[in-house]
Structures are given as C-alpha cells and as structure tokens.
Amino acid sequence: PNLFLYLGDVYEDGTYTEFYNWYGTSNTFFGQFNSIADPTVGNHEYRDGGTAKGYFDYWNNVPNYYSFDAAGWHFVSINSNCVRIGGCHANSPQYQWLANDLAAHPNVCTIAFYHHPVYFVGPIDDPQNMTAMWSLMAQHGVDMVFNGHDHSYQRWKPLNGAGTVTSG
C-alpha cells in the first residue's frame, strides 16, 4: 500500500509502551506502515493520564486535526474526542478549521476520518456530539467517512447531513 489510515485504539490505555508493543516498530506489526500512515486519535489514547501523550509521542506530535492530499483525494483527520479539544460545535476551533479547509478544497474528492462514528449499530454508544461536524461535511460534499471505535465493520448507504439515507 501507499497510504494507511490509522483510526485509533489498537491497545488498552494508549501508553507509549503499548504503542511499541501492540502497534509495533518500523519492522513489526502495523509499525511497518509508519512511513505511509496518517493517524487520528481515539478514546483509548486518552486513558493514560487524559492527554493522549503516548499517541502524540509515538506519532511525533501530529496535530489534533489536519488535512493532506494524495492520489487526487483530499483527506481530513478530525479529533472526535470533542470534550478533550474544546468541542466539535459550530463555534469550536476545530469546526471553524474544518469549514475553512473544506471551503478551500471545493472540487476535490474528500475523505474524512476520525474515531467516533456519528451513526452506528452496536453496543458502543459514544458519539461525542459530532452531529454539527457531520452536517458541515455533508454541506461540503465529503464523499466518504471512515471511523474506528466500534471494533466492527459497518457499511452504510449514503446519508445526508441529518443522517437520512439519500440517493447519493
């Protein structure tokens, strides 16, 4: 592969040691993909002291949210741990950054990736109030959203900004 999206939670508490033991080094496990990996922070990363220190240390202080372009696509990594970064509501810094980022890339196929899904089927109930961000992404025509958290594969039909199935 030439791109690897890391969606969080491959360990229990997100310690620096767990990253190396479970995610791996440059020669083991998923660590072999570090040079092509683009991470987004999950909730387990914050279990070690509440700051996700292991995550930020392992990934060389990657920003909480960022974007990049690859193979004709625009990728957006969002921190869905809303309470940890000042919220995900329309007045939050991350929301404003996302609005500006999406406005700057209006005609590009876009993939957003973050840890907590807004819509899900299963026992894990922790959506983190991402509905405003979801609506913003729908308004800007984000093509796909990838999430982790539920530890299961879920595939949805196209949903609009209100979470209703659409034709595309």
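The values are calculated or read from the model by the stated rules, or taken from the named source; none is laboratory data. Values in this document were obtained by computation on a predicted structure and should not be read as measured data. Cβ placement follows ideal geometry from the backbone for every residue including glycine, while neighbour counts extend to all protein chains displayed. These accessible areas exclude ligands, DNA and RNA; they are computed on the full protein's heavy atoms, side chains included. Shrake-Rupley method; radii C 1.70, N 1.55, O 1.52, S 1.80 Å.
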Practice prompt. Specify which of the listed residues (ASN60, ASN34, ASN27) is open to solvent by 20 Å² or more (accessible area, probe 1.4 Å), polar (S, T, N, Q), assigned to a helix (DSSP H, G or I) and more than 25 Å from ASN129 (Cβ to Cβ).
Written response: ASN34
Practice prompt. Considering each residue of region 134-149, count those that are buried (at least 21 other Cβ atoms within 10 Å of the Cβ) and assigned to a strand (DSSP E or B), and give that number.
Written response: 1
Discussion item. If I go through region 106-131 residue by residue, how many of them are surrounded by fewer than 16 Cβ atoms within 10 Å (Cβ to Cβ) and at pLDDT 95 or above?
Written reply: 1
Discussion item. Can you find a residue that is of a type in the set (Phe, Trp, Tyr), crowded, with 17+ Cβ neighbours inside 10 Å and within 18 Å of HIS116 (Cβ to Cβ) anywhere in region 6-15?
Written reply: yes
Worksheet entry | Residue selected from region 73-88 under the condition modelled with pLDDT of 95 or more and either among the aromatic types (Phe, Trp, Tyr) or open to solvent by 50 Å² or more (accessible area, probe 1.4 Å) (or both), by the criterion nearest to PRO39 (Cα to Cα) | PHE75
Discussion item. Cβ contacts < 8 Å: first residue over 23 Å from GLU18 (Cα atoms) and in contact (Cβ under 8 Å) with a residue 24 or more places away in the chain, restricted to region 51-69; second residue aliphatic (A, V, I, L, M) and open to solvent by less than 30 Å² (accessible area, probe 1.4 Å), any location; separation 6+ or different chain. Result?
Written reply: SER67/VAL76
Worksheet item: Name the pairs whose Cβ atoms lie under 9 Å apart, with the first residue in region 140-168 and over 22 Å from TRP73 (Cβ atoms) and among the acidic types (Asp, Glu), the second open to solvent by 60 Å² or more (accessible area, probe 1.4 Å) and at pLDDT below 75, and 6 or more positions between them or separate chains?
Response: ASP150/VAL121; ASP150/PRO123
Worksheet item: Residues of region 31-54 being over 23 Å from ILE111 (Cβ atoms) and charged (D, E, K, R), which ones?
Response: ARG47, ASP48, LYS53
